[in-house]
Amino acid sequence: MLQCIFILSDSGEVMLEKQLIGHKVDRSICAWFWDQVISQGDSFKQQSVIASPTHYLFQIVREGITFLACTQLEMPPLMGIEFLCRVADVLSDYLEGLNEDVIKDNFVIVYELLDEMIDNGFPLTTEPNILREMIAPPNIVSKMLSVVTGNSSNMGVTLPGATASCVPWRTTDIKYANNEVYVDLVEEMDAIINRDGVLVKCEIYGEVQVNSHITGVPELTLSFANPSIMDDVSFHPCVRFRPWESHHILSFVPPDGLFKLMSYRVKKLKTTPIYVKPQITSDAGTCRINVMVGIRNDTGKMIDSITLQFQLPSCVLSADLTANHGAVTVFSNKMCNWSIDRIPKDRAPALSGTLLLETGLERLHVFPSFRVGFRIQGVALSGLQLDKLDLRVVPSRLYRGFRALTRSGLFEVRS
């Protein structure tokens, strides 16, 4: 059971506080938390569960905004983390983005959403389409009416139809002129390559996202050609677990609109779509850097949005970097960004240049790690394949669509 939720800005200011039970949690816990962030840096922000002197804390960070939940009672930690993720997703959907100004401009809606999403410390209603029936998203007309009438609430006057249904994530009176369902495989590749070029770790985190616009209450089944490659699967509440357990088939009544049907991991992949080869040598107070990027395995689809980021060590005074393709930017905090976009067919992109070390330092002793970004439309690098999508209650006409997308997650090359 959660006792309190705080939303903090990127400077540590408490923008919003929501007490969930009778026992009030003092704001001093946020001061302790931010002191730890300042003293320990990014390593502290990567901890999802934190034991403070008085409370257990759960945290996630989205777009520089920290969502912090507190409890003194025993509870499943994943429930607290997942609920904060749901809160962040719903707010991002309602407010069309997350930043300090947007949250401050929509205090009332944020409080109303939290009132409906959690009750007495336990998650209650977290489906976006049901919340939209309860609380109207902000728009220019509603803001003008609130100024004129003084009523800033966006609460609906009637309960959603799904509140009395056996499938609370979907109402029964949905009607569409055209019935459509789209299934997207969205995957992120996490990889670590050591300084010898050896692939230490490579795995895929994937999501099956469904966008459903179907009349009535349809029952869908989705099957895969090779479901055995998936590990660590988790499902939307609409999925019936028994068909998956016995036949690896997803049987569900979908919510209306876009939602995440399931997530999965595919572990121990043997290769990556692109390679990065850094070479760094230093002598007499200067350092020479050369980085080459190219396609390792041709997936048959265009690899685009390729970027390379690395942090220069603090002992580097200045950097003179150039590339034969794309644009190189060195920021004031010594973060370097190389935007390649697409790899040309006639030459491999290469970055080269010199780094000037601080006085008295002959060689570079701390070497940067390179963060790689890319995107591939139309292919799932895990090898997962959708087999078929069937409906038990079939409308007169139904259009089905399937897509795949792979992008980089935590893709790191060490030098």
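The values are calculated or read from the model by the stated rules, or taken from the named source; none is laboratory data. None of these values were measured; they are calculated from a predicted model. As a convention, Cβ positions derive from the backbone with ideal geometry for all residues, glycine included, and neighbour counts pool all protein chains shown. Areas reflect the complete protein model, heavy atoms only, side chains present, ligands, DNA and RNA absent. Shrake-Rupley method; radii C 1.70, N 1.55, O 1.52, S 1.80 Å.
Shape class of the range 268-415 from the alpha-carbon gyration tensor: prolate, with a/c at 1.5 or above and a/b greater than b/c. For the range 313-381, the Cβ-based charge dipole about the Cα centre amounts to some 320 debye (Lys, Arg positive; Asp, Glu negative; other atoms uncharged). Summary of the geometry: the range 243-265 and the range 268-332, compared by the centres of their Cα atoms, lie 39 Å apart.
Remark: the range 271-280, residue by residue, has Karplus-estimated 3J(HN,Hα) of 8, 10, x, 10, 10, 10, 10, x, 9, 10 Hz, where x stands for each Gly or Pro and the curve is 6.51 cos²θ - 1.76 cosθ + 1.60 at θ = phi - 60°. When the Cα positions of P53, G41, G360 are compared along the charge dipole of the chain, G360 comes out farthest toward the positive end, with charges on each C-beta of Lys, Arg, Asp and Glu. A probe of 1.4 angstrom, applied to the heavy atoms of all protein chains, finds M335 with accessible area near 50 square angstrom.
The string of couplings for the range 237-245 from the Karplus curve (6.51, -1.76, 1.60, θ = phi - 60°) is x, 6, 7, 7, 6, 5, x, 5, 5 Hz, one whole number per residue in order, with x for Gly and Pro.
Tell me the mean residue ellipticity at 222 nm calculated for the chain from its helices only (DSSP H runs of n ≥ 4, each -39500 (n - 2.57), averaged over every residue, nearest 500). Intermediate values should be presented prior to the final figure.
Details: 8 runs with 77 residues, N = 415.
Here the helix-only value at 222 nm equals -5500 deg cm²/dmol.
Relative to the current alpha-carbon distance between H248 and N120, full extension at 0.36 nm per residue lengthens the span by 42.4 nm. The angle between the Cα long axis of helix 140-149 and the longest principal axis of the Cα atoms of the chain comes to about 60 degrees, rounded to the nearest 10. In vacuo Debye scattering of the range 41-92, one point per C-alpha: log10 I(q)/I(0) at q = 0.15, 0.24, 0.27, 0.29 Å⁻¹? Treating every Cα as an identical point scatterer, log10 I(q)/I(0) equals -0.40, -0.94, -1.12, -1.22.
Summing charges over all other residues whose Cβ lies under 12 Å from the Cβ of T221, with Lys and Arg as +1 and Asp and Glu as -1, gives 0. In this Cβ point-charge picture (+1 for Lys and Arg, -1 for Asp and Glu), the chain has a dipole of about 1240 debye about its Cα centre. Between the helical axis of 28-40 and the dominant principal axis of the chain, each derived from Cα atoms, what acute angle in degrees is found, rounded to the nearest 10? Rounded to the nearest ten degrees, it is 20. Mind putting a number on the dipole of the range 269-415 about its Cα centre? Charges go on the C-beta only, +1 for Lys and Arg and -1 for Asp and Glu, and I need it in Debye to the nearest 20. My answer is approximately 820 debye. Helix 107-117 and the long axis of the chain differ in direction by around 70°, with both axes built from C-alpha atoms. Counting only residues at least eight positions apart within a chain, or on another chain, the lysines with an alpha carbon under 22 Å from that of K270 are K201, K301. How much solvent-accessible surface does F122 expose, in Å² to the nearest 10, with a 1.4 Å probe and all protein chains in place? Ignoring ligands and nucleic acids, F122 comes out at about 100 Å². Looking only at the range 368-390, which residues have a backbone nitrogen under 11 Å from a spot 7 Å from the Cα of D196 in the C-beta direction? Those under the cut-off are none; the list is empty. Of the trypsin sites (Lys or Arg not before Pro) found in the range 194-301, the ones in coil according to DSSP and having at most 16 other Cβ atoms within 10 Å of their Cβ are R195, K267, K268, K270, R296, K301. At each listed q (0.10, 0.12 Å⁻¹), what is the log10 of I(q)/I(0) that the Debye formula gives for the chain modelled as equal alpha-carbon point scatterers? The calculated log intensity ratios at q = 0.10, 0.12 Å⁻¹ are -0.90, -1.20.
Put a dot 7 Å past the Cα of S314, heading toward its Cβ, do the same for E358, and the two dots end up 0.7 nm apart. Each part reduced to its alpha carbon centroid, the range 30-107 and the range 340-355 end up 39 Å apart. The chymotrypsin sites (Phe, Trp or Tyr not before Pro) of the range 324-415 that meet both conditions, a loop assignment by DSSP and at most 15 other Cβ atoms within 10 Å of the site Cβ, are F331.
For the range 351-407, what does the alpha-carbon gyration tensor say about shape, rounded, prolate or oblate, given a ≥ b ≥ c as the root eigenvalues, a/c under 1.5 as rounded, and a/b over b/c as prolate? If you can, show how the numbers build up before the last one.
Numbers: a/c = 6.21, a/b = 5.04, b/c = 1.23.
Prolate.
Extension gain for the segment D341 to K301, taken as residue separation times 0.36 nm less the Cα-Cα distance, is 13.0 nm to one decimal.
Along the positive direction of the dipole of the range 1-138 (beta-carbon charges: Lys, Arg +1; Asp, Glu -1; about the Cα centre), which of S11, I118, W32 reaches farthest? Result: W32.
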